[in-house]
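The values are calculated or read from the model by the stated rules, or taken from the named source; none is laboratory data. If you're wondering where the values come from, they're calculated on a predicted model, not measured in any experiment. Neighbour counts are summed over all protein chains in view; Cβ atoms, including those assigned to glycine, are modelled from backbone coordinates with ideal geometry.
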Amino acid sequence: MQLEDYLAVHSDPEPDYLAIINRKTHLKVLNPRMLSGHLQGRVLAMLSKMIQPTRILEIGTFTGYSALCLAEGLTENGVLHTLEADDELEEMIHANIALSPFADKIRVHIGDAMELIPTLNELFDLVFIDADKREYCDYLEFVLPNLRKGGFILADNTLWDGKVLSDKDTNDEQTESIKIFNQQLAKDTRVQKVILPLRDGLTLIRKV
């Protein structure tokens with residue numbers, strides 16, 4: 001924790017609107033740890049600025065923090081589509097996005113990602129996967145055809161609190177699904193990939 005605090009202090013600060021969303025999420029929402037937070041948020045923003053995407057897809061909005069970080073790198077005419085399964089978060093998501101300068105660039109879709117993705121009819125430059133861990137392999141297969149050559153996918157939580165290191169079979173579907181995702185991805189010749197030990201693990205994937 002001391003190291004993460006040091007990294008945050010010596011990185012760019014959160015924009016004010018993100019700090020507000022961070023606080024609101026911890027006060028009002030169950031499992032606030034799901035929020036990307038300051039350090040990972042700055043990494044997402046930096047990666048997006050490096051890629052300069054015109055079209056971004058986010059699978060798993062939560063309270064909108066990561067979407068707003070990714071939106072920082074959008075081109076002038078760029079659009080970010082974000083998908084959230086929990087309709088109880090919809091009102092908060094819209095309120096949080098309205099705090100930012102990117103409200104006109106973000107499209108919020110509430111529902112099942114597997115049903116929503118085929119309806120978007122977009123070719124994406126950047127995809128961020130941070131939703132049901134049991135569906136990660138399916139998400140990858142759904143988005144790859146809609147990702148441009150040379151485009152990037154970022155997959156969150158791929159170290160899963162270090163549980164991926166266990167060789168024992170568990171009854172935890174999410175742990176087993178992340179392990180399978182990592183194993184299959186390591187052998188996937190359609191993409192280049194590297195896992196960063198950032199927070200709970202962030203995998204960078206590039207379509208070749």
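Restricting to the range 120-131, count the residues that are out of contact with any helix residue (DSSP H, G or I) (no Cβ under 7 Å at 6 or more places or on another chain) and either aliphatic (A, V, I, L, M) or part of a strand (DSSP E or B) (or both). Working first, answer last.
First pass over the range 120-131, keeping only residues out of contact with any helix residue (DSSP H, G or I) (no Cβ under 7 Å at 6 or more places or on another chain): 120-121.
Retained after the next criterion (residues that are either aliphatic (A, V, I, L, M) or part of a strand (DSSP E or B) (or both)): 120.
Total satisfying the criteria: 1.
Quick test for you: out of Leu57, Leu30, pick the one residue that is among the aliphatic types (A, V, I, L, M), surrounded by fewer than 14 Cβ atoms within 10 Å (Cβ to Cβ) and not in a helix (DSSP H, G or I). Spell out the reasoning first.
Working: Leu57 fails: surrounded by fewer than 14 Cβ atoms within 10 Å (Cβ to Cβ).
One residue alone meets the criteria, Leu30.
Please indicate, with yes or no, whether at least one residue in the range 132-150 is in a strand (DSSP E or B) and closer than 30 Å to Leu3 by Cβ. Even if it seems obvious, please write down each step before you answer.
Step one: of the range 132-150, the residues in a strand (DSSP E or B) are 147-150.
From what's left, closer than 30 Å to Leu3 by Cβ: none.
No, the range 132-150 contains no residue that is in a strand (DSSP E or B) and closer than 30 Å to Leu3 by Cβ.
Take Leu144 and decide whether it is modelled with pLDDT of 95 or more and within 14 Å of Thr203 (Cα to Cα). Reasoning before the result, please.
Values: modelled with pLDDT of 95 or more: yes; within 14 Å of Thr203 (Cα to Cα): no.
Answer is no for this residue.
If Ile51 satisfies every condition in (1) surrounded by 21 or more Cβ atoms within 10 Å (Cβ to Cβ); (2) hydrophobic (A, V, I, L, M, F, W, C); (3) under 22 Å from Asp104 (Cβ atoms) but one, which is the exception?
Single failed check for Ile51: (1).
Just to be sure I understand, how many residues within the range 1-57 are touching a Gly at 6+ places or on another chain (Cβ under 7 Å) and at positive phi?
Residues flagged as touching a Gly at 6+ places or on another chain (Cβ under 7 Å) and at positive phi within the range 1-57 amount to 1.
I'd like to know if the range 112-119 contains one or more residues that are under 28 Å from Lys149 (Cβ atoms), in contact with a Ser or Thr (Cβ under 6 Å, 6 or more places away or on another chain) and assigned to a helix (DSSP H, G or I). It would help to see each step written out before you state the result.
So in the range 112-119, the residues under 28 Å from Lys149 (Cβ atoms) come out as 112-119.
So of that shortlist, the ones also in contact with a Ser or Thr (Cβ under 6 Å, 6 or more places away or on another chain) come out as none.
No: the range 112-119 contains no residue that is under 28 Å from Lys149 (Cβ atoms), in contact with a Ser or Thr (Cβ under 6 Å, 6 or more places away or on another chain) and assigned to a helix (DSSP H, G or I).
So which residues in the range 172-208 are closer than 13 Å to Trp160 by Cβ and acidic (Asp, Glu), if there are any at all?
Asp172, Glu173, Glu176, Asp200
Run Pro118 past the list (1) surrounded by 13 or more Cβ atoms within 10 Å (Cβ to Cβ); (2) in contact with a Phe, Trp or Tyr (Cβ under 9 Å, 6 or more places away or on another chain) and report the number of the one that doesn't hold.
So the condition that Pro118 fails would be (1).
Can you confirm whether Ala45 is of a type in the set (A, V, I, L, M, F, W, C), in a helix (DSSP H, G or I), buried (at least 21 other Cβ atoms within 10 Å of the Cβ) and without any contact (Cβ under 8 Å) to a residue 40 or more places away in the chain?
Details: of a type in the set (A, V, I, L, M, F, W, C): yes; in a helix (DSSP H, G or I): yes; buried (at least 21 other Cβ atoms within 10 Å of the Cβ): yes; without any contact (Cβ under 8 Å) to a residue 40 or more places away in the chain: yes.
In short, yes.
Among (1) surrounded by 14 or more Cβ atoms within 10 Å (Cβ to Cβ); (2) farther than 30 Å from Ala19 by Cβ; (3) among the charged types (D, E, K, R), which single condition is Asp112 missing?
(1)
Identify the residue in the range 1-21 that is in a helix (DSSP H, G or I) and charged (D, E, K, R) and, among all such residues, is surrounded by the most Cβ atoms within 10 Å (Cβ to Cβ). I'd like the intermediate steps shown before the answer.
The initial filter retains those residues of the range 1-21 that are in a helix (DSSP H, G or I), namely 2-9, 16-21.
Subsequent filtering for residues that are charged (D, E, K, R) retains 4-5, 16.
Working: Glu4: 14, Asp5: 11, Asp16: 10.
So, considering only residues that are in a helix (DSSP H, G or I) and charged (D, E, K, R), the one surrounded by the most Cβ atoms within 10 Å (Cβ to Cβ) is Glu4.
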